[in-house]
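The structure appears below as structure tokens.
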Amino acid sequence: MIGRGVRALVTALLVLLLAAPAARAQIFGEIQEKVQDAAEKVQQARKYGAAVVPISTGQEIEIGRGIAATLAGAYGVDRDPELTRYVNLVGSVVASVDPRPGIAYRFAVLDTDAVNAFAAPGGYVFVTRGALAAMEDEATLAAVLAHEVGHVDARDVVEEIQSRARTALGIEEAAEAVDVTGEEYLTKAVETGATALFMGLSREDELEADRFAVERLAAVGYDPDGLLRFLEALEERSGDEDVSLLEKTHPDASDRIDEAEEVVEDLPDERREGVVAEARFRRALEEDTATPGF
């Protein structure tokens, strides 16, 4: 609909240029009406972009629980209680600053060699064993978990579900057609959200989550270069099968490194250094009975 309006506007501008002076005033008035109409349609589209599926925090958690179950079924969950405890301790630290009301974060390790991490709506965060193996210290783990917390805080997957519902149903019909309390919609929302994770979020969503991660590391006292070390490890392994899905769903590691370096440079001097905790990280990964010394 908006596309047709733009084409009509362009046509009107061409007619205006060719018209006699006496007719230009009338044509100009018509153009102004078309511009106003187009602007209203854009505003309407943006309004429905957020409100077409008014997903509450409770509904978000329910959808996230279904997506988390999908991820767990696809990869399997590592059952090492000490490793799970350790990842939850680190994740709880990065999630502790300015938390979203109603969101209780849960962190788990997926039992796969693939290098990746995922965030389902409602605070369900996963990191793979492959990603842990690519890390060298706790600050890097904190960075990856903070990146995923950033996705949850920004409701990136929820907005993707809303956007796809709007596209499928049309702007005007969507608000009335979608029953967010129905079982059918919940199933569809879980499918859409899981697909978004496997297919990838937008480039800007990913870069914004990187910026969030660097700033969050600095805020809680971790070394803000932790994210850079992880991205550099990804860059070195570019093309490997274990990083193939992550590479397909995220911007190039080199671009992410450039963006993250800018964020680090903008930090106050006193926040450019922090806890690295390499030895503690190694103990947690190498010893099944390791108890991290927090």
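Using a ≥ b ≥ c from the Cα gyration tensor of region 242-287 (square roots of the eigenvalues), is it rounded, prolate or oblate, where a/c under 1.5 gives rounded and otherwise the larger of a/b and b/c decides, a/b for prolate?
Values: a/c = 4.78, a/b = 1.03, b/c = 4.62.
Judged from the Cα gyration tensor, region 242-287 comes out oblate (a/c at least 1.5, b/c at or above a/b).
Can you compute the label reach from SER238? Point 7 Å from Cα along the Cβ direction, backbone N cut-off under 18 Å, restricted to region 193-210.
Within reach of a label on SER238, which here means backbone N under 18 Å from a point 7 Å along Cα→Cβ, region 193-210 contributes 203, 207.
Given a Förster distance of 30 angstrom, what is the FRET efficiency for SER254 paired with ARG282, based on the Cβ-Cβ distance and rounded to 0.05?
Working: r = 28 Å, r/R0 = 0.93.
In this case the efficiency is close to 0.60.
If R0 is 35 Å, what FRET efficiency do you get for GLU136 and THR195 from their C-beta distance, rounded to 0.05?
Efficiency computed from Cβ-Cβ geometry: 0.60.
With r defined as the distance between the Cβ atoms of ARG272 and LEU89 and R0 fixed at 22 Å, what FRET efficiency is calculated, to the nearest 0.05?
On the way: r = 24 Å, r/R0 = 1.10.
Calculated transfer efficiency: 0.35.
Taking the highest mean first, how do the peptides 147-156, 61-70 order by number of other beta carbon atoms within 10 angstrom per residue?
147-156, 61-70
All of the numbers you see were taken from the coordinates with simple rules; none came from a lab. From a predicted model like this one, the values you see are computed outputs, not experimental measurements. Methodologically, a virtual Cβ is constructed for each residue, glycine included, from the backbone with ideal geometry; neighbour enumeration extends over all protein chains shown.
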